[in-house]
Amino acid sequence: MLGWQLFEKTVMKLQRYGRANSFEPRRWFLHHAGLSVTFAVMMMMTTIAAAQDSTTTPRDPQIVAALRQISPSRIQATIEKLVSFQTRSTLSAQDPASIAAGHGIGAAREWIKSEFERYARDCGGCLEVKTDSFTEAPGGRIPKPTEITDVYAVLKGSDPESANRIVLVTGHYDSRNSDNLDITNPAPGANDDGSGTAVSLECARVLSQLKFPATIIFLTVAGEEQGLNGSHHFAQMAKSAGWNLEAVLNNDIVGGDRSPQQDTSVVRVFSEGLPSAATDAELRQIRSLGGESDSSSRQLARYIAEAGRAYDAGVKPMLVFRTDRYLRGGDHTSFNEQGYAAVRFTEFREDYNHQHQNVRTENGIEFGDLIEFVNFDYVASVARLNAATLASLASGPAPPAKVRLLTTKLENDSTLTWETSPGASSYEVLWRATTSPDWEHAQAVGNVTRITLPTSKDNVIFAVRALDNHSHRSLAVTPLPER
Ligand SMILES: [Zn+2]
C-alpha cells in the first residue's frame with residue numbers, strides 16, 4: 001500500500017509540473033500489480049532523473065579541447081611575475097624609472113599589456129589590446145590625484161550580427177598590505193588578486209585560439225582596494241557607450257588558499273538577488289511576482305552552474321545567493337550598479353592571515369598574501385569554469401528579447417511570447433517550483449515565438465532561452481506579465 005501511495009504521489013507531482021500528462025497511474029499500477037514495489041520506485045527515480053537531466057547542455061568538443069589547454073604552470077608563471085613587482089598598490093610608483101626597474105603598479109600594468117600583446121601575436125592579431133586610463137581625484141583612500149589604468153584585450157566576435165554582444169572576465173591587478181596607504185612595503189597580492197588576474201590572462205591566451213560569433217573581453221582593473229575605482233570607471237564607460245554587455249565574471253581571491261580546511265572541489269559564485277540598478281517601479285513588480293531570485297545576475301549564476309555540470313572543469317560552482325561576503329565588496333558590483341549581469345568567483349574558504357596583511361611572522365604564524373599559499377591547480381580549475389562559461393555564452397545565440405507571460409484572463413494554462421533571437425534556431429521554456437533554487441524542467445518548443453503550456457503560471461517560475469544549431473544555449477530570460 002505504501003508503495004502505491006508513494007508512486008501515485010510522485011506521478012501526481014510530475015503531472016502538476018506538466019510532465020507525464022497522458023499517464024494514468026492507477027490503471028498502470030493495477031495492470032502491473034505483479035511488479036515489485038522496488039521496480040516501481042526505480043521507475044519513478046528514472047523519470048525524475050530524466051526530467052532533471054533535460055536542463056543539461058551537451059558538451060561542445062571545441063570547448064572541451066580549449067579547456068585542456070589551460071595550464072597550471074602558465075598560471076603559476078603569471079602569478080610569480082605579478083608578485084615580483086613587490087607592490088601593486090594603486091598608489092605605488094608609475095614613473096619610467098620604476099617601470100624599468102620592475103617595481104610598482106606601473107611595471108605590473110606594462111607587463112600585463114605586453115602579455116596580452118604576446119597572445120595577440122600568437123593568434124595573428126585577433127586580440128585588440130587597450131587601456132582605459134583616468135585620473136582619480138583625491139578622496140576616501142586616494143590621498144592625491146592618481147592615474148588609474150585598466151588593461152584589456154578584445155576578442156571581437158566573428159559574426160557581424162552578434163559581434164555587439166559582449167561577455168567579459170575580470171580580475172584586479174592592484175594589491176595591498178595591512179595599510180591601504182602603504183606604497184613601498186611588500187604587498188605580494190598572490191591570491192588577492194594575482195589569482196583573478198591570472199584567470200583573465202589565461203582565458204585570453206586559450207580562447208584567443210578560437211573564433212566565437214560574439215565578443216569576449218579579458219579585463220584587468222586597478223583601484224579595487226582603494227574603492228573599486230577601475231571597475232567603476234570601466235562599467236560607466238560601457239554604459240555610456242551603450243555596450244550590450246551580457247555577462248561579467250569577476251574573479252577575486254580564487255587562489256585556493258592551502259589551509260587544511262580548504263575545499264578545493266568547489267568555488268563560490270556570488271550573485272545579487274534584487275538588482276541594485278532596479279527602479280522603484282521594478283522593485284514593486286519584483287515584490288508582487290516573487291521575482292527576488294531572478295535577477296539577470298542570478299540567471300548568469302545558474303548558467304555557470306549548468307556549465308559546471310556540462311564541462312569537467314576540476315571544480316564545481318557553489319552558488320551563493322547574495323551579492324558578496326560580509327564586510328567585503330568587489331568589482332562585480334560596479335557592473336551591477338550599471339544594470340549589468342555580474343557575479344563574483346571566490347575560493348570556498350579564505351584565510352584572513354593571507355590577505356590584506358603585512359608580510360611577517362608572529363608567534364610562529366606566517367602572515368601575508370604570499371605565493372606559497374596559492375594552489376595553481378585550483379586556479380586553473382577556476383579558469384576552466386570561467387572559460388567554459390565565456391565560450392558557451394559567446395558561441396550561443398542572443399537571449400530572447402521581450403519575453404512576456406500573458407495575463408489577460410484567469411486560466412490554468414500559461415502562454416509565453418518572445419521575439420526571435422539572432423543566431424537562434426529553436427527555443428526552450430524552463431521552469432521550476434517557486435521554492436527551488438535552480439531550473440527543474442526544460443521543454444524544447446521548436447522555432448516558435450509563442451507557446452501555451454498546461455502548467456499554471458501561479459505555481460512556477462518560467463523562463464525562455466534560445467538555442468543554436470549546435471545546442472549552445474543563451475542566458476535564460478524570465479518573462480514580464482502582459483495584459
Ligand atoms: Zn580582491
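What the table shows:
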read-out	value
Simple Cβ-charge dipole of the chain, Lys/Arg +1 and Asp/Glu -1, about Cα centre, in debye nearest 20	1640
Tally of Lys pairs whose C-alpha atoms are under 19 Å apart, taken over the chain, 8 or more apart or cross-chain	10
Fewest-first ranking of 282, 306, 347, using other Cβ atoms within 10 Å as the exposure measure	282, 306, 347
Sparse-neighbour loop sites [GluC sites (Glu not before Pro); region 362-435; at most 15 other C-beta within 10 Å; DSSP]	411
Sites residue 450 and residue 128 - FRET efficiency at Förster radius 41 Å, r taken between beta-carbons, to 0.05	0.50
Region 441-454 - phi-based ³J(HN,Hα) in whole Hz, Karplus 6.51/-1.76/1.60, Gly and Pro as x	9, 10, 10, 5, 10, x, 8, 10, 10, 7, 8, 10, 10, x
Virtual spin-label span in nm between residue 56 and residue 178, 7 Å along Cα→Cβ	5.0
Rounded if a/c under 1.5, otherwise prolate or oblate - region 211-355, Cα gyration tensor axes	rounded
Between 0 and 90°, nearest 10: helix 37-53 axis offset from the chain longest Cα axis	50
Between 0 and 90°, nearest 10: helix 72-83 axis offset from the chain longest Cα axis	40
Crossing angle, helix 105-122 versus the chain [Cα axis fit, 0-90 degrees, rounded to tens]	60
Exposure proxy ranking, count of Cβ atoms within 10 Å, fewest first, for 335, 212, 321	321, 212, 335
Residue-count net charge about residue 71 - beta-carbon cut-off 12 Å; Lys, Arg +1, Asp, Glu -1	+2
The chain: Cys lacking any partner C-beta under 4.7 angstrom	203
Hz values of 3J(HN,Hα) by residue in region 300-307 - Karplus curve (6.51, -1.76, 1.60), Gly and Pro given as x	5, 4, 5, 5, 5, 4, 5, 4
Over region 266-383, relative contact order from alpha-carbon pairs under 8 Å, at least 6 apart, %	33
Under 5 Å, built H, 5+ apart or other chain: amide partners of residue 342	248, 297
Shape category assigned to region 206-245 from the gyration tensor of Cα positions, a/c cut at 1.5	oblate
Gyration tensor verdict on region 331-378 (Cα atoms; rounded if a/c is under 1.5, prolate if a/b is larger than b/c, oblate otherwise)	prolate
Mean shadow area of the chain over all directions, Cα convex hull, nm²	26.3
Projected label distance in nm at residue 362 and residue 98, using a 7 Å step from Cα toward the beta-carbon	2.7
Approximate spin-label separation residue 408-residue 377, in nm, with each point projected 7 Å along Cα-to-Cβ	6.0
For 258, 344, 450, 432, order by how many other beta-carbon atoms lie within 10 Å, fewest first	450, 258, 432, 344
Segment residue 280-residue 164, length gained on full extension (0.36 nm per residue, minus Cα span)	38.8 nm
Gained length - residue 419 relative to residue 144, 0.36 nm times residue gap less alpha-carbon distance	94.0 nm
Karplus 3J(HN,Hα) series, Hz, for region 467-483 with 6.51 cos²θ - 1.76 cosθ + 1.60 (x for Gly, Pro)	10, 9, 5, 9, 6, 5, 9, 8, 4, 7, 10, 7, x, 9, x, 9, 9
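Read-outs throughout are calculated quantities, based only on the coordinates presented, and are distinct from any laboratory measurement. Computed from a prediction, not measured in an experiment: that's the story for all the values here. Cβ sites come from the backbone with ideal geometry, for glycine too, and all protein chains shown count toward neighbours.
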